[in-house]
Amino acid sequence: MKIIHTGDIHLNSPLESSFTAQKAKIRNNEIMNTFKKTVEFAKDNGIKVVIIAGDLFDCNDISRKTEQFVFDVVSSNSDIDFLYLLGNHDDNVKYNAKLPDNLIILKDGEKHFYDNVCVCGIESYNNIDFAADNYNIAVMHGEISNGYGKYEVNLKELQNKNIDYLALGHIHKGGNGKIDDKGVYFYCGVLDSRGYGEYDKHGFILVDTDSKKYDFVCMSSRIARKIELDITDLKSNLEIVNAIEEKVKNIEESSIVKVVLTGSFDEDLLKDIKYIEQNFEDRFFNFKVEDNSVIKIDFDSYKNDISLKGEFVRQVQNGEYSDEMLNKILIAGFDALNNEEISI
Amino acid sequence: MKIQKCYIENFGNLSNFSYDFDEKINIFEEKNGYGKSTLCAFIKVMFYGLQGVKARNINENERKMYLPWQGGNFGGYLDFITEQKSYRIQRYFGETAKGDSFSLIDLLTGEISGDFTENIGEELFGIDVNGFEKCTYYTALSAEKSVPSSILSKLFDDSDNVNALDNAIKRLEKREKQYQSARSGEIFDIKNKLVLLQNDEVELKERIKQADELKKSLNSLKAQKKELEAKLEVVRKDITASSKSDAQNAIVTEKIKHHSMLVQKANDSKDALDNILKKYKNGLPNEEKISEIASMVERIKQANSTEFKTKGFVLPIVLAVLSLVLLIVSFAVKSIFIYSIIAFVLMAIISTILFVVTNSSNKKANQFLAEKDSLNNEIESEFSSIFVTYDDDFDDNIKTLNKDFYEYQAEKKKYDEYSAQANEYYNAEKLGEKGESVTKSSSDELAIKEKQILKSINDISYQGISLKKDLENISSFEEKLLEIRREITVNEERLKLAQENYNAIVIAKELIINSNKNLSYKYKEKINNNFVENLNLVFDNCEAFLDDKFEVKITKLGQLREANRFSSGQRTAIELALRFSIIDAIFEKEKPFIVLDDIFNNLDDETFKTVTEKLKNSSKNIQIIYFTCSKSRVF
């Protein structure tokens, strides 16, 4: 049989802080729609089980609208079981209405059988008890690690426990690996990107228990892209804009784009991030510039500089500052000593 | 350090140029365009290499600026002696830095020396190229607009502005205040906004929680409305039913009216009876009794009309007395004795008879009166026991009794008749069933009831609408809550950034202030200490000092005056002294040369002579390279 493994949908999220209120609303609706389309996919493909590996909702106090939407989608597909493991964001949701019968909260160690397929939510390693002749799916919400924290998944504890498929949630980027000779684990990643930090394509994992094939199905309604641009050799805002243009020219207009400036810049380059953003903000759904570039400073060249600036640079160098703070101090100091408006 | 020789193969407009330097004073008297700036630049480049090689502006890019006009090998060499050792710096430059070469040769051995690297300038002088230039090059331009203390600004602050430090601090403080001052600034505003947003968040959460209560209230209202609507249906059915049997109801109503009329009449009679009876203590006496009392009253009336007086015994007594008198007289007057006796006897008899008669009459009268009184009392007693209040006139009382009796009888009769009729009618028409239902479902009452129910339903509907609106608002509250959470995140990020920037600005300000103090400590004191000594190189017997702001103050004619109060020539001399002081203070390791580029043009001949004589005889071990295009300014 085929099973959908999804999770980290984070419905009812405030979303990206750089979105306007209107865009946030649009995006929220799009993500809700993606959930609906996922269920439609299940229906169209005769899939009887959808595993939600945590964080269906972004918080515990969800809106009625969101609750009603999810319940409507679930209850109108009553022949599909939605096996829902609570995550760290939605571990205590207070619902206003009764849960649809086919929205089943997975309890620790409680098994659900579909022919020879057994699905079980796992919170305690002591409750793992799978029969060898079944296709066993364990569902957990956490990150693979060596620890034993609430949202840590210790692979060693899961080895040799007849687990064929470990359906994981919590990590927003997809990924997979082996548990042991028998079983594999998959992070489904988010179902649809909420914004920056959830880049590239997202969707769910289609698990084929018979052939033991695990396919990624893309459900992204919008894709978030991150572009890095080294501005070390760029001398003006216009050059930066042109360089960005070169990098984003093939990106779909529906995308959510972030350009990260890296490298170093001369102190006489007066970066205007707002100006740079304005050149692209109408082209994409959302466009943002993150400036991680640092002011170019050769501390050695200031070693014998008798000027105030030289002494200032030496003082900065001798201080114990983080890279980010050091950069800001230098920018502020140079602007001041150059009799320019302080640009930070 | 002393320059011994330079050879320029090709550098700018100079080609195949060679010069042997004097260890003290080197005077170049050449026309404009000779290439003195190029020569100065060559000397600097030999020690520090080409500067601004990445700049696009030719004036900043020395590689472009000094590219040989005539082509050929770009570069040359310079021989110098330091710590009694002679070296040759040889540099040649390509089109790019890759094509550059440097070598340091020990002139004694002719071997390559590793005593200094390509950074020989910094290694030798302990100062970077900018500082070197500022310290060692004194041009005519700066001499003309010389403000002595400005060289220090230029030197330390890299500007012509003596207030560069103050301006820097002001800019930082301005930006600092924009971020945060006592009750304003970006950080203050963001924090305030966050507080408001967080309060809004709490308030919205509370209002959303109330949704459950609202829902319960709404459900309750719905139930109430349903109940009322059911009642309304019943009432309306009754109205319908009542409108269908109106005719029947009218008849029944009429019958009820008739019955009511009979009852009313009976009641009226009853009231009349009660009115009569309330005069009497124990009800009306019966007819017999009334008769009895009436006859008593009649007797008393008769008695009252009969005059039964008691007579007095005066006549009998008088007669008795007369008779006595007559007796006495008879005895007294014997002549009339018989007559007196007869009179006496007659009088006595008459008196006695009168007495007896009067007594008897009086007895009868008394008895009559007594009987009359007794009767009176009896009647009184009767009336008192009958009436609540009664008249003194017995006759009236009897009349009242009779009247009331007959009236009572009449009213009683009426009452009995009407009551009987009402009962008979009631039973006969079965008004107990029909009358009650009609009474209960009379059209007017039903209409009133219907109106009341409708009003109640309306009120509930209004309440329901209001609750529904609140519930709808809660939906919008939930959306608003999401938006507020997003805004909170945005503002938290802004706050973090603002605080980081603010902290950086505060630190930058502190460091700049500290840097200035350090420089002051490191250089300015030394400069100040050397200044007076150096000033005497150019001025005789003057008292001068540098104040805290490095303003030159000189005593002239007994008064302390600022340097800019002096003539331009004198200022040139002052600046020269200052420059020597700077070189003394800054160049700790090796004293470099000083390039004086036509700086004496503005000196009068006498001052020129004085200054240059002093320079020539100066014990300062600073090599002077002097350029001038005027013979008169050769010394």
Checking A:E324, A:E311 in turn, the sole residue that is among the charged types (D, E, K, R) and facing chain B (nearest Cβ under 7 Å) turns out to be A:E311
- Message: Kindly evaluate B:S419 against the criterion of being in a helix (DSSP H, G or I) and open to solvent by less than 40 Å² (accessible area, probe 1.4 Å).
- Response: yes
Would you be able to say whether some residue in region B:149-158 is away from chain A (no Cβ under 12 Å), modelled with pLDDT of 80 or more and buried (at least 20 other Cβ atoms within 10 Å of the Cβ)?
no
If we keep only residues of region B:587-610 that are at pLDDT 80 or above and in a helix (DSSP H, G or I), then the residue least open to solvent (accessible area, probe 1.4 Å) is B:F608
Checking the structure you have, find out if any residue of region B:39-48 is surrounded by 14 or more Cβ atoms within 10 Å (Cβ to Cβ) and more than 30 Å from A:D266 (Cβ to Cβ). yes
Scanning region B:524-539 for residues that are modelled with pLDDT under 75 and of a type in the set (F, W, Y) gives B:F539
Residue set B:K311, B:K289; condition surrounded by 14 or more Cβ atoms within 10 Å (Cβ to Cβ) and within 30 Å of B:N275 (Cα to Cα); output residue B:K289
Scanning region A:1-29 residue by residue, those over 16 Å from the mean Cα position of the chain (by Cα), away from every other protein chain (no Cβ under 14 Å) and either open to solvent by 10 Å² or more (accessible area, probe 1.4 Å) or not β-branched (V, I, T) (or both) turn out to be A:M1, A:K2, A:H5
Of (1) part of a helix (DSSP H, G or I); (2) of a type outside the set (K, R); (3) modelled with pLDDT under 95, A:E198 fails just (1)
A careful count of residues in region A:45-100 that are assigned to a loop (DSSP other than H, G, I, E, B) and free of Cβ contacts under 8 Å to residues at least 24 places away in the same chain gives 2
Going through (1) under 30 Å from B:E201 (Cα atoms); (2) more than 14 Å from every other protein chain (Cβ to nearest Cβ); (3) modelled with pLDDT under 95; (4) open to solvent by less than 60 Å² (accessible area, probe 1.4 Å) one by one, A:I52 fails only at (3)
Contact list, first residue from region B:1-26 and within 19 Å of B:G75 (Cβ to Cβ), second anywhere and among the hydroxyl-bearing types (S, T, Y) and assigned to a loop (DSSP other than H, G, I, E, B), beta-carbon distance below 7 Å, six or more apart or interchain, is B:F11/B:Y66; B:G12/B:Y66
Considering region B:481-500, residues that are touching a residue at least 40 places away in the same chain (Cβ under 8 Å) and buried (at least 18 other Cβ atoms within 10 Å of the Cβ), and then whichever is nearest to the other protein chains (Cβ to nearest Cβ), we arrive at B:R485
The lone condition A:I105 fails out of (1) within 30 Å of B:K215 (Cβ to Cβ); (2) among the β-branched types (V, I, T); (3) open to solvent by less than 20 Å² (accessible area, probe 1.4 Å); (4) more than 14 Å from chain B (Cβ to nearest Cβ) is (3)
Residues of region A:174-197 being farther than 13 Å from A:I31 by Cα, in contact (Cβ under 8 Å) with a residue 24 or more places away in the chain and not hydroxyl-bearing (S, T, Y), in sequence order, are A:G174, A:N176, A:G177, A:I179, A:G183, A:V184, A:F186, A:C188, A:G189, A:G197
Considering only strands (runs of 3 or more DSSP E) wholly within region B:23-109, the ones with at least 2 residues that are among the basic types (K, R) and closer than 27 Å to B:E588 by Cβ are B:85-93
Counted residues in region A:209-232 being surrounded by 13 or more Cβ atoms within 10 Å (Cβ to Cβ) and of a type in the set (D, E) come to 2
Pairing a residue in region B:72-85 that is closer than 14 Å to B:T38 by Cα with any residue that is part of a strand (DSSP E or B) and modelled with pLDDT under 90, where Cβ atoms lie under 8 Å and the two sit 6 or more apart in sequence or on different chains, gives none
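Table: residues versus (1) of a type in the set (S, T, Y); (2) surrounded by 21 or more Cβ atoms within 10 Å (Cβ to Cβ); (3) in a helix (DSSP H, G or I).
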{"position": "A:E281", "(1), (2), (3)": "no, no, no"}
{"position": "A:F284", "(1), (2), (3)": "no, no, no"}
{"position": "A:D300", "(1), (2), (3)": "no, no, yes"}
{"position": "A:F312", "(1), (2), (3)": "no, yes, yes"}
{"position": "A:E320", "(1), (2), (3)": "no, no, no"}
- request: Answer yes or no: is there a residue in region A:250-272 that is open to solvent by less than 20 Å² (accessible area, probe 1.4 Å), within 30 Å of the chain's Cα centre (by Cα), more than 13 Å from chain B (Cβ to nearest Cβ) and not aliphatic (A, V, I, L, M).
  value: yes
Of the listed residues (B:I256, B:I293, B:I300, B:I239), the one being closer than 30 Å to B:N458 by Cβ and either touching a Leu at 6+ places or on another chain (Cβ under 7 Å) or modelled with pLDDT of 90 or more (or both) is B:I239
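The values are calculated or read from the model by the stated rules, or taken from the named source; none is laboratory data. Everything numeric in this text was worked out from a predicted model, so none of it was measured. With ideal geometry, Cβ positions are generated from the backbone for all residues, glycine too; neighbour counts draw on all protein chains shown. Quick note on the areas: whole protein, heavy atoms, side chains included, nothing else; ligands and nucleic acids left out. Shrake-Rupley method; radii C 1.70, N 1.55, O 1.52, S 1.80 Å.
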